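First comes the structure, then the notes that go with it.
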Amino acid sequence: NAGVTQTPKFQVLKTGQSMTLQCAQDMNHEYMSWYRQDPGMGLRLIHYSVGAGITDQGEVPNGYNVSRSTTEDFPLRLLSAAPSQTSVYFCASIGSGNTIYFGEGSWLTVV
Amino acid sequence: AQSVTQLGSHVSVSEGALVLLRCNYSSSVPPYLFWYVQYPNQGLQLLLKYTSAATLVKGINGFEAEFKKSETSFHLTKPSAHMSDAAEYFCAVSDGNAGNMLTFGGGTRLMVKP
């Protein structure tokens with residue numbers, strides 16, 4: 001049982017480049033989300049999905065796109081990377097009892 | 001709207017001393033409350049959660065937290081700190097509805113001195 005799998009773990013981008021952070025879960029969870037973690041600010045919600053074909057914005061959605069074509073996958077796209085998007089990104093899915101399962105994180109640096 | 005405040009971004013204790021990490025929340029409905037731990041360069045691990053059952057919740061690694069509605073608090077404690085407890089700790093709140101996401105506090109970095 002792999003749980004929540006994120007790739008890549010580390011990435012360096014140049015300003016203006018685009019990229020996709022991949023997230024997959026094998027627990028058949030309907031609810032998935034993306035957070036970013038910045039020092040002193042905890043984790044902030046970027047986008048979330050309550051099921052295949054349904055996505056919505058969280059607290060800090062600007063500069064990011066998501067899609068949910070399958071229950072398993074929830075990729076996060078950076079359209080035109082900016083230094084302010086340097087952060088650690090966590091994908092998560094919600095299981096029974098409102099327990100959240102986090103991926104291992106993706107460390108992104110935009111130069 | 002819900003929010004979480006963690007008092008003290010850094011807490012330092014001696015090995016063997018009591019650990020107390022403070023968390024206050026606001027929520028318009030009875031909350032679900034969580035504590036997560038993050039070790040350097042790793043993801044978040046659930047320590048414990050409160051879901052309206054017993055107000056004193058026991059978690060992993062000897063940690064526990066007490067839900068106090070009158071004080072809107074959910075402080076995390078451990079009677080005796082161990083060097084391996086050094087990490088960052090996050091308190092989080094959810095309104096409990098399926099699919100509603102967590103709101104996190106800013107985190108508290110726990111340092112344990114030998």
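The values are calculated or read from the model by the stated rules, or taken from the named source; none is laboratory data. Remember, it's a predicted structure, so these values are computed and weren't measured experimentally. With ideal geometry, Cβ positions are generated from the backbone for all residues, glycine too; neighbour counts draw on all protein chains shown.
Quick notes
- Evaluation of B:ASN61 against the conditions (1) within 14 Å of chain A (Cβ to nearest Cβ); (2) free of Cβ contacts under 8 Å to residues at least 60 places away in the same chain; (3) exposed (fewer than 14 other Cβ atoms within 10 Å of the Cβ); (4) under 27 Å from A:GLN6 (Cβ atoms) shows that the sole unmet condition is (1).
- Qualifying position, being surrounded by 19 or more Cβ atoms within 10 Å (Cβ to Cβ), touching a residue at least 60 places away in the same chain (Cβ under 8 Å), within 16 Å of the chain's Cα centre (by Cα) and under 30 Å from A:PRO8 (Cα atoms), among B:LEU44, B:LEU102: B:LEU102
- So A:TYR35, is it within 10 Å of chain B (Cβ to nearest Cβ), under 27 Å from B:THR5 (Cα atoms), under 10 Å from the mean Cα position of the chain (by Cα) and in a strand (DSSP E or B): yes
- Residue count, region A:78-111 (criterion: within 14 Å of chain B (Cβ to nearest Cβ), out of contact with any Cys (no Cβ under 7 Å at 6 or more places or on another chain) and part of a loop (DSSP other than H, G, I, E, B)): 4
- Qualifying residue in region B:7-28 (condition: without any contact (Cβ under 8 Å) to a residue 12 or more places away in the chain and loosely packed, with under 13 Cβ neighbours inside 10 Å): no
- With respect to the conditions (1) without any contact (Cβ under 8 Å) to a residue 12 or more places away in the chain; (2) surrounded by fewer than 19 Cβ atoms within 10 Å (Cβ to Cβ), B:SER52 falls short on a single one, namely (1).
- Residue within region A:55-62 that is touching a Ser or Thr at 6+ places or on another chain (Cβ under 6 Å), more than 27 Å from B:GLN2 (Cβ to Cβ) and either surrounded by fewer than 21 Cβ atoms within 10 Å (Cβ to Cβ) or in contact (Cβ under 8 Å) with a residue 40 or more places away in the chain (or both) present: no
- Number of positions in region A:1-34 that are modelled with pLDDT of 95 or more, surrounded by 14 or more Cβ atoms within 10 Å (Cβ to Cβ), of a type outside the set (S, T, N, Q) and within 16 Å of A:TYR64 (Cα to Cα): 5
- Screening B:MET111 on (1) in a strand (DSSP E or B); (2) within 19 Å of A:PHE102 (Cα to Cα) shows it passes everything except condition (2).
- Considering only residues in region A:40-76 that are in a strand (DSSP E or B) and over 13 Å from the mean Cα position of the chain (by Cα), the one that is nearest to the other protein chains (Cβ to nearest Cβ) turns out to be A:VAL50.
- Residue within region B:80-95 that is hydrophobic (A, V, I, L, M, F, W, C), free of Cβ contacts under 8 Å to residues at least 40 places away in the same chain, within 10 Å of another protein chain (Cβ to nearest Cβ) and touching a Ser or Thr at 6+ places or on another chain (Cβ under 9 Å) present: no
- Within region A:10-43, the set of residues being among the charged types (D, E, K, R) and in contact with a strand residue (DSSP E or B) (Cβ under 6 Å, 6 or more places away or on another chain) comprises A:GLU30, A:ARG36, A:ASP38.
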